[in-house]
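Shown next, in structure tokens, is the structure this report addresses.
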Amino acid sequence: MAGIHASCVVLGEDGILIRGAPGSGKSTLVRDLIGLGAISGTFAALVGDDRVALTQRHGRLVAAPHPALAGLLEVRGLGLQPVEPTMPSAVLRLVVDLAEGAPRMPEAAEETILLRGVRLPRTVLSPGPGRAGTVLWRWRRLRVMMMTD
């Protein structure tokens, strides 16, 4: 089990790994996704914030929270806050990278990433409003594609 500096949220049954530099908005995106899930009727829960352990199992990548941070989310200006709902782990289905200057129209090669030997769909987003809606839209498109494969 190897840890990385990232956050993870579950949408439906799918884990979404959120990576980015410190202060890039990982925790804010997690909080927004949980809130948007509640509004849209989609199950959303925190797996881990700031540090996440990744384990490869049966060709899948599973994320779990760092034990010291389980159930906690950093809220800027308030510090670590308890969050509900939470999940003890999630199979990753999407990687979201938060980066300045994200491409407006990504190349096909940028839409997946090989992470710990597992190829996953990837989305790169710039800081700013609307990111949670974009992630929810991308997740829904992936669900449709998985059902038709």
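The values are calculated or read from the model by the stated rules, or taken from the named source; none is laboratory data. Worth saying up front: this structure is predicted, and the values here are computed from it rather than measured. Here Cβ is always computed from backbone atoms with ideal geometry, including for glycine, and neighbour counts include all displayed protein chains. Ligands, DNA and RNA are excluded from the accessible area calculation, which covers all protein heavy atoms including side chains. Shrake-Rupley method; radii C 1.70, N 1.55, O 1.52, S 1.80 Å.
At pLDDT 90 or above and either under 13 Å from residue 30 (Cα atoms) or of a type in the set (A, V, I, L, M, F, W, C) (or both) - does that describe any residue in the stretch 122-130?
The answer is yes; a qualifying residue exists.
Among the residues of the stretch 1-52, count how many are in contact with a Phe, Trp or Tyr (Cβ under 7 Å, 6 or more places away or on another chain) and farther than 17 Å from residue 87 by Cα.
The qualifying residues number 0.
Select from the stretch 75-100 the residues that are under 19 Å from residue 19 (Cβ atoms), modelled with pLDDT under 90 and not hydrophobic (A, V, I, L, M, F, W, C) and list them in ascending order.
76, 100
So in the stretch 45-58, with the set limited to residues that are over 14 Å from the mean Cα position of the chain (by Cα) and not polar (S, T, N, Q), which one is surrounded by the fewest Cβ atoms within 10 Å (Cβ to Cβ)?
Going through the qualifying residues, I end up with 58.
Report the residue count in the stretch 48-97 for those that are on the phi > 0 side of the Ramachandran plot and part of a strand (DSSP E or B).
Qualifying residue count for the region: 1.
Report, by residue number, each residue of the stretch 110-133 that is exposed (fewer than 15 other Cβ atoms within 10 Å of the Cβ), part of a helix (DSSP H, G or I) and either in contact with a helix residue (DSSP H, G or I) (Cβ under 6 Å, 6 or more places away or on another chain) or free of Cβ contacts under 8 Å to residues at least 40 places away in the same chain (or both).
Answer for the stretch 110-133, where residues must be exposed (fewer than 15 other Cβ atoms within 10 Å of the Cβ), part of a helix (DSSP H, G or I) and either in contact with a helix residue (DSSP H, G or I) (Cβ under 6 Å, 6 or more places away or on another chain) or free of Cβ contacts under 8 Å to residues at least 40 places away in the same chain (or both): 110, 111.
For the stretch 31-44, state whether one or more residues are assigned to a loop (DSSP other than H, G, I, E, B), within 11 Å of the chain's Cα centre (by Cα) and crowded, with 16+ Cβ neighbours inside 10 Å.
No - not one qualifying residue is present in the stretch 31-44.
Sort out which residues of the stretch 14-30 are under 12 Å from the mean Cα position of the chain (by Cα) and open to solvent by 50 Å² or more (accessible area, probe 1.4 Å), and write them in order of number.
Within the stretch 14-30, 19, 28 qualify.
Run down 80, 61 and say which single residue is under 20 Å from residue 48 (Cα atoms) and surrounded by fewer than 19 Cβ atoms within 10 Å (Cβ to Cβ).
Being under 20 Å from residue 48 (Cα atoms) and surrounded by fewer than 19 Cβ atoms within 10 Å (Cβ to Cβ) holds for just one of 80, 61, which is 80.
May I ask you to say which residue of 74, 84 is farther than 21 Å from residue 117 by Cβ and free of Cβ contacts under 8 Å to residues at least 40 places away in the same chain?
84
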